[in-house]
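Note sheet for the following structure.
The values are calculated or read from the model by the stated rules, or taken from the named source; none is laboratory data. Not measured: the values here are computed from a predicted model. All Cβ positions, glycine included, derive from the backbone under ideal geometry; neighbour counts span all protein chains shown.
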Amino acid sequence: MAIDDRDIVLASNPLADGQLRLELSVPGVHCGGCIHKIESTLSQITNVTSARVNLSTKRLTVQYQNRDAPPAIGAALEKLGFDAHLSGPAEVKSNTAVRSMLKALAVAAFAAMNIMMLSVAVWAGADSDTRQLFHLISAFIAFPALVYSGRVFYLSAWKAVRHGTTNMDVPISIGLIITYAMSLYDTVTGGEHAYFDAATMLLFFLLIGRTLDYMMRERAHSAINGLQKLIPLGVDHIRQDNTVVHISTDQIEPGMLLQLAAGDRIPVNGIVESGRSDIDLSLVSGESEPVHVHRGSSLVSGALNLTGPFILRASAPASGSYLADMIRLMERAEQSRSGYTRLADRFAALYAPLVHLTALIAFGFWMFFTGDPHHALTIAVSVLIITCPCALALAVPMVQITAARRLFDAGILIKDGSALERLNEIGSVIFDKTGTLTSGELSLLNGNQIDEHEMLIAASLAAGSRHPYARSISAYWRKQSDTVLQVQEAAEVAGSGLEGCIDGHRYRLGRNEWASECATNQTTKSARGSVLTREGQIIAEFDFEDGLRPESLEVVHELRRHGLPLTILSGDAKENVSQVAAELGVDDYHWGMLPDEKLRAIETANFDGQKPLMVGDGINDAAALAAAHVSIAPASTTDVGRAAADIVLLKNSLIDILTAIRIAKASKKLIHQNMSFAVLYNLIAIPFAFLGYISPLYAAIAMSTSSIVVVMNAMRLNNSKAEKQTRVHA
Amino acid sequence: MTNSYLFLIPISLVLGGAGLAAFFWCLKTNQYEDLEGAAERILFDDPEKQDSL
């Protein structure tokens, strides 16, 4: 759908100098040629002061003057062949989080490198004066890094402690602070060992993992924002004096008259004032058949107007619409989602007390045998340093980042690392039907039973109509032939069907009552579907169904092979749901479900400890998606659904559910390997530290090697995945 | 020996600090916003140049 140029002002942000800035997502840009084409074309439009494409984020920023005559950017982009989506004015955010992480990382890198340079000299055997000088300089360099870069960890640790919990950042923060304090004390008192290098290097390594984690979330966020929005930004309002103005959706008040064209989404709940049309509810309630509306019919926001223009009287403001209700339900569901503790934090809850206890025992042991508090403290600190969970803290995020990258390349978007962990735990799978298991688009069921000539006539009438029935007839015909007949006096009667003259005969394609109105003796065979009539006589009947996605059967079969119980929850009518369930062999299916009933079903499954995976796409699924243990939505879903789901399938194929599960399994294996390695390393290192054999040099070597081993192991996910994929395609 | 440290270490820190400052400046001026786009843009002619031709 092209951008309505009247929406441009509504989506723009005013700048200080009186100009306006507009951000658009243009998913189609992929090379320098696209950049050049877009920028040079747009900057020639009057009032446009600058146009800049960001190839990495596939976004276009346009600045223009004169809000009364906004430039026709949408039309220009369409002419160039680019599909563009507007972002709302509030959505434009700078990636400040990633930026501040990068700054912290740079400071830590600077400190770690300079201190390491000095430390190498000390290890090589500097005399005591030089060593003293170098330690002092190191202390000065390390201080700003520990304060500035380390605050990421202190804040997170403090937050956890204040809430009476613990996470990986608690032992990290304690380790960092004690290491620095002890080293500073030793430097001032002229001691031999200082661990400034270990502290800054630890900080540097940990920040790498943390920054990558932020970048992954940022990318997922911008990719989701780039997809199309469900609710239009603006709508045509008919004022009392019959003039039409374009207003923002937020300005709609109950009682206002709104003019909606074919192809528009319904912005707010309302009642049809005049006109007739067919409405597609598949994203709203899961009903696959289009619904006929006329004067007096009530409509909910988010539904799609298919065939005719009509006038809607708003019955609620935007904040009181069906869509807003669904968003509120979704937010409530998110809060009720059982608190999931990430694997690393669960591990830290066991690990941190153990390490701190060991350090305390070391202190007590040496205090008891030597009576020297300084010596005992040195040993205790070296135990803390050697066990400071550098490798452990990298063990999980490195694997998850590699996994997220592999998934992204495969067209699967994952919102955060914990979704992968949760995907490994699922005990059941719950599917939505319309648009998830099925394609969400009607297709012609009985095309092969219809005579070719009648098919040609039907396809000729159907060409150019938006109605799903007409479109599926056209699609069916296009597979056989490109030719269509010339139709005279072609007309689309909204809510009824299409008519026109071919070779001197009057043909109608549409609802039975309307198309065959001249011939009353005709018996209606099928309630749904449509008929083709010549001079009122039925010559062909068409049946449609919302067919299964081609991959649904394989996915369902494969999931069942994994021993996962399957359920279908649908808002559609019983006959449609039971047919799909029978085709897929799913026994547990429910029809006619309202959004809050779906939510309750998920909550029951959560409560029973099933840890359900919810796969759904509609507005009516959003709350269920948010409540489920983990949730997946195809990219064809609504923006509400995308916001609620943990994983979005950008390629829109359910097969990717299997890919996601496979990668999650592989990453789980690697995470376990990494954690076992980190623990093993600690088991070996602790006795040495306990006995006082660890010097700063050994600490630095041990820490780097263990971190490198963990990172390298995480990278193996790339290879194992690539192999598997080639095997699948072969 | 210690005398040479007195200027060698400050030099190394200043050079490193300059690198750090350069990185901060790049971040601040949005030079990391579009790495892929920057690589493609070197192929374009400058618009001013095109006009003068």
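Please enumerate the residues belonging to region A:431-448 that are modelled with pLDDT of 85 or more and part of a strand (DSSP E or B). Correct list: A:Phe431, A:Thr438. Candidates are the residues of region A:110-137 that are crowded, with 22+ Cβ neighbours inside 10 Å and more than 19 Å from A:Tyr185 (Cβ to Cβ); the one that is farthest from the other protein chains (Cβ to nearest Cβ) is A:Ala112.
Name the residues in region A:694-717 that are under 30 Å from A:His375 (Cβ atoms) and β-branched (Val, Ile, Thr), would you?
A:Ile694, A:Ile701, A:Thr705
Being surrounded by fewer than 21 Cβ atoms within 10 Å (Cβ to Cβ), polar (S, T, N, Q) and part of a helix (DSSP H, G or I) is true of A:Ser418. Going by what's in this entry, would A:Val107 be described as over 20 Å from A:Arg52 (Cβ atoms), exposed (fewer than 14 other Cβ atoms within 10 Å of the Cβ), outside the structural domain of A:Val53 (by TED's automatic domain parsing) and at pLDDT 90 or above? Taking the combined requirement at face value, the residue does not satisfy it. Selection over region B:1-27 of residues that are closer than 30 Å to A:His36 by Cβ and facing chain A (nearest Cβ under 7 Å) gives a count of 2.
Starting from region B:28-46, take each residue that is within 7 Å of chain A (Cβ to nearest Cβ) and list its partners that are among the hydrophobic types (A, V, I, L, M, F, W, C) and loosely packed, with under 11 Cβ neighbours inside 10 Å, counting only C-beta distances under 9 angstrom and pairs at least six apart or across chains. From region B:28-46, no pairs qualify. Of all residues in region A:165-177, none satisfies being in the same structural domain as A:Ala348 (by TED's automatic domain parsing), more than 23 Å from A:Ala395 (Cβ to Cβ) and surrounded by 14 or more Cβ atoms within 10 Å (Cβ to Cβ).
Once region A:307-333 is narrowed to residues that are assigned to a loop (DSSP other than H, G, I, E, B) and surrounded by 24 or more Cβ atoms within 10 Å (Cβ to Cβ), the residue that is modelled with the highest pLDDT is A:Thr307. In the condition set (1) without any contact (Cβ under 8 Å) to a residue 40 or more places away in the chain; (2) within 11 Å of chain B (Cβ to nearest Cβ), A:Ala145 is compliant with all but (1).
With the structure loaded, tell me whether A:Thr165 is more than 21 Å from A:Thr378 (Cβ to Cβ) and in contact with a Ser or Thr (Cβ under 9 Å, 6 or more places away or on another chain) or whether it fails that test. So that I can check it myself, show each step before the final result.
Working: more than 21 Å from A:Thr378 (Cβ to Cβ): yes; in contact with a Ser or Thr (Cβ under 9 Å, 6 or more places away or on another chain): yes.
Yes; evaluated as a whole, the condition is true for this residue.
Okay, residues lined up against (1) in a loop (DSSP other than H, G, I, E, B); (2) of a type outside the set (Gly, Ala, Ser); (3) outside the structural domain of A:Asn652 (by TED's automatic domain parsing):
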| residue | (1), (2), (3) |
| --- | --- |
| A:Glu554 | no, yes, no |
| A:His557 | no, yes, no |
| A:Gly563 | yes, no, no |
| A:Ser578 | no, no, no |
| A:Glu583 | no, yes, no |
| A:Met593 | yes, yes, no |
| A:Leu599 | no, yes, no |
| A:Ile602 | no, yes, no |
| A:Leu613 | no, yes, no |
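Looking at A:Gly571, is it under 18 Å from A:Thr434 (Cα atoms), part of a loop (DSSP other than H, G, I, E, B), under 28 Å from the mean Cα position of the chain (by Cα) and touching a residue at least 60 places away in the same chain (Cβ under 8 Å)? If you could, list the steps in order and put the result at the bottom.
Details: under 18 Å from A:Thr434 (Cα atoms): yes; part of a loop (DSSP other than H, G, I, E, B): yes; under 28 Å from the mean Cα position of the chain (by Cα): yes; touching a residue at least 60 places away in the same chain (Cβ under 8 Å): yes.
Yes: the conditions hold for A:Gly571.
Here A:Leu257 passes the criteria (1) over 23 Å from A:Lys433 (Cα atoms); (2) modelled with pLDDT under 85 except the one numbered (2).
Criterion first (assigned by TED's automatic domain parsing to the domain that holds A:Thr436, closer than 17 Å to A:Met326 by Cα and under 21 Å from the mean Cα position of the chain (by Cα)) does A:Gly618 satisfy it? When the stated conditions are applied, A:Gly618 passes them.
A single entry from A:Gly263, A:Gly255 fulfils the requirement of being under 22 Å from A:Val493 (Cα atoms), touching a residue at least 40 places away in the same chain (Cβ under 8 Å) and not in a helix (DSSP H, G or I): A:Gly263.
Assess whether A:Gly33 counts as being at negative phi and not in a loop (DSSP other than H, G, I, E, B). The answer is yes for A:Gly33.
Among the numbered conditions (1) touching a strand residue (DSSP E or B) at 6+ places or on another chain (Cβ under 8 Å); (2) surrounded by fewer than 22 Cβ atoms within 10 Å (Cβ to Cβ); (3) modelled with pLDDT of 80 or more, the only one that A:Gly529 does not meet is (3).
Taking the numbered list (1) in a helix (DSSP H, G or I); (2) in contact (Cβ under 8 Å) with a residue 40 or more places away in the chain in turn, A:Lys669 passes all entries but (2). Evaluating A:Arg276 against the criteria (1) touching a strand residue (DSSP E or B) at 6+ places or on another chain (Cβ under 8 Å); (2) of a type in the set (Lys, Arg); (3) in the same structural domain as A:Ile137 (by TED's automatic domain parsing) leaves one unmet condition, (3). Does region A:29-82 hold any residues that are at the interface with chain B (Cβ under 9 Å from one of its Cβ atoms), of a type in the set (Val, Ile, Thr) and under 22 Å from A:Val9 (Cβ atoms), and which are they? A:Val53, the sole residue that qualifies.
Could you tell me whether any residue of region A:622-642 is part of a loop (DSSP other than H, G, I, E, B), modelled with pLDDT of 85 or more, farther than 15 Å from A:Asp596 by Cβ and in contact with a Lys or Arg (Cβ under 6 Å, 6 or more places away or on another chain)? Quick ask: steps written out before the conclusion?
Within region A:622-642, the subset part of a loop (DSSP other than H, G, I, E, B) is A:628-629, A:635-638.
Filter once more, keeping what is modelled with pLDDT of 85 or more: A:628-629.
Then drop every residue that is not farther than 15 Å from A:Asp596 by Cβ, which leaves A:629.
If we keep only those that are in contact with a Lys or Arg (Cβ under 6 Å, 6 or more places away or on another chain) as well, we get A:629.
There is at least one residue in region A:622-642 that is part of a loop (DSSP other than H, G, I, E, B), modelled with pLDDT of 85 or more, farther than 15 Å from A:Asp596 by Cβ and in contact with a Lys or Arg (Cβ under 6 Å, 6 or more places away or on another chain).
Restricting A:Ile694, A:Ile684, A:Ile701 to those that are more than 30 Å from A:Leu584 (Cα to Cα) and outside any helix (DSSP H, G or I) reduces the list to A:Ile694.
A search for C-beta distances below 6 Å between a residue of region A:33-47 that is touching a residue at least 40 places away in the same chain (Cβ under 8 Å) and any residue that is surrounded by 14 or more Cβ atoms within 10 Å (Cβ to Cβ) and not basic (Lys, Arg), counting only pairs 6+ apart in sequence or on different chains, returns A:Lys37/A:Leu80; A:Ile38/A:Val53.
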